[in-house]
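Each remark here refers to the structure printed beneath this line.
Every number in this text was worked out from the coordinates using simple rules, so none of it is lab data. Everything quoted here is computed from the prediction, not taken from an experiment. Every residue, glycine as well, gets a Cβ built from its backbone with ideal geometry; the counts of neighbours run over all protein chains shown.
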Amino acid sequence: MTAIEDAVPSAATGAALIDGKAFAEALRGQVAQGAEQFARSTGQPPGLAVVLVGDDPASQVYVRTKMKTAADTGIRSFPHLWPGSTSQSALLELIRQLNEDPQVHGILVQLPLPAHLDEAQVIAAISPAKDVDGFHPINVGRLSQGTATLIPCTPLGCLLLLKDRLGDLSGLKAVVVGRSNIVGKPMANLLLQANCTVTILHSRSRNLEDECRQADILVLAVGAPRKFGAGYIKPGATVIDVGINRIVSEDGKSRLVGDADTDAVSAIAGAVTPVPGGVGPMTVACLLKNTLTAASAAEGLAFD
Ligand code: GUN
């Protein structure tokens, strides 16, 4: 199964919709097989500690989805759902304990943390070997050197979809809009490693529309609901929409939309990821893949 075999033309025109949901399901199936082998060899399943501080509703939904999907894949979650008043020292002590716990192979601290906490210090406290988000400075450095094994989940998911759709990415012009540590910067690094010519655009960039229109691969990761329409798209381009924005539509109903105006983009693009059902499910599947990678490395096995 590949995403593009399942890709169907979008309603508006001929652009294919890249089915991230189906691709993620297949990937989770592979991870589940590896997790089962891991459990048979070691007598325990891969373990993922999930840390959430505070009651941000979106973060609560993401964390619940991650734990439920982990359970369905044969990965044991260790939830640590702590109040928004949690202190920096208490959180660092929790991370220290999780680093030493042999049942925990991966540690996920859901971001953003409440404003009074020092996010960078918390991330740096996670053992690089258990850093299944790939956010620790050591893993960021490895990614930039091309030696990473734990790669940030959303960019990894985007890369897998792109390779499935396009095969060899060498020489393609890739434009990444957004420069976050979670998506934009690691995405650009991965595309560079895949031999793309990479441009990163951000809020201060000039001629955004013209720059985007040069892209064979356009990755949108800014959180601007439906900002990117037909004028930003090169004919035939592959558009990866990382935005997940909740809006209230004219009928008063709340719904999720991406950074792309998907119908308008579909008139010009060759393929586009839908929201929901595109990149989102790949992020969760890649988290589980990274957990299996971390668990296997900890035991000197190769099940990922
Ligand atoms: N918040 C938004 N995306 C992510 C992610 O990929 N990992 C973590 N830990 N927090 C996030």
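Summary of computed values
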| item | result |
| --- | --- |
| Restricting segment 46-76 to residues that are surrounded by 21 or more Cβ atoms within 10 Å (Cβ to Cβ) and away from the ligand (no atom under 14 Å from the Cβ), the residue that is nearest to N99 (Cα to Cα) | G47 |
| Odd one out for Q103 among (1) in a helix (DSSP H, G or I); (2) loosely packed, with under 15 Cβ neighbours inside 10 Å; (3) in contact with a strand residue (DSSP E or B) (Cβ under 8 Å, 6 or more places away or on another chain) | (1) |
| Any hit, segment 132-140, residues being outside any helix (DSSP H, G or I), within 16 Å of the ligand (Cβ to nearest atom) and free of Cβ contacts under 8 Å to residues at least 24 places away in the same chain | yes |
| Only listed residue being over 19 Å from G280 (Cα atoms) and either touching a helix residue (DSSP H, G or I) at 6+ places or on another chain (Cβ under 6 Å) or not aliphatic (A, V, I, L, M) (or both), chosen from T86, T73 | T86 |
| Strands (runs of 3 or more DSSP E) (entirely within segment 188-304) containing at least 3 residues that are more than 16 Å from the ligand (Cβ to nearest atom) and surrounded by 23 or more Cβ atoms within 10 Å (Cβ to Cβ) | none |
| Segment 11-45, subset among the polar types (S, T, N, Q) and part of a helix (DSSP H, G or I), residue nearest to the ligand (Cβ to nearest atom) | Q30 |
| Hey, A90 in a helix (DSSP H, G or I) and either touching a Pro at 6+ places or on another chain (Cβ under 9 Å) or of a type outside the set (D, E) (or both) or not | yes |
| Selection within segment 156-187 - in a loop (DSSP other than H, G, I, E, B), of a type in the set (A, V, I, L, M) and closer than 20 Å to P225 by Cβ | I182, V183 |
| Search result, residues across segment 157-182 that are surrounded by 24 or more Cβ atoms within 10 Å (Cβ to Cβ) and either of a type in the set (A, V, I, L, M) or within 11 Å of the ligand (Cβ to nearest atom) (or both) | G157, L161, L162, A174, V175, V176, V177 |
| Segment 45-68 residues that are under 26 Å from A298 (Cα atoms), paired with ones that are among the acidic types (D, E) and away from the ligand (no atom under 11 Å from the Cβ) (beta carbon under 9 Å, 6 or more apart) | P45/E36; G47/D101; A49/D101 |
| Count - residues of segment 112-131 that are in contact (Cβ under 8 Å) with a residue 60 or more places away in the chain and among the hydrophobic types (A, V, I, L, M, F, W, C) | 3 |
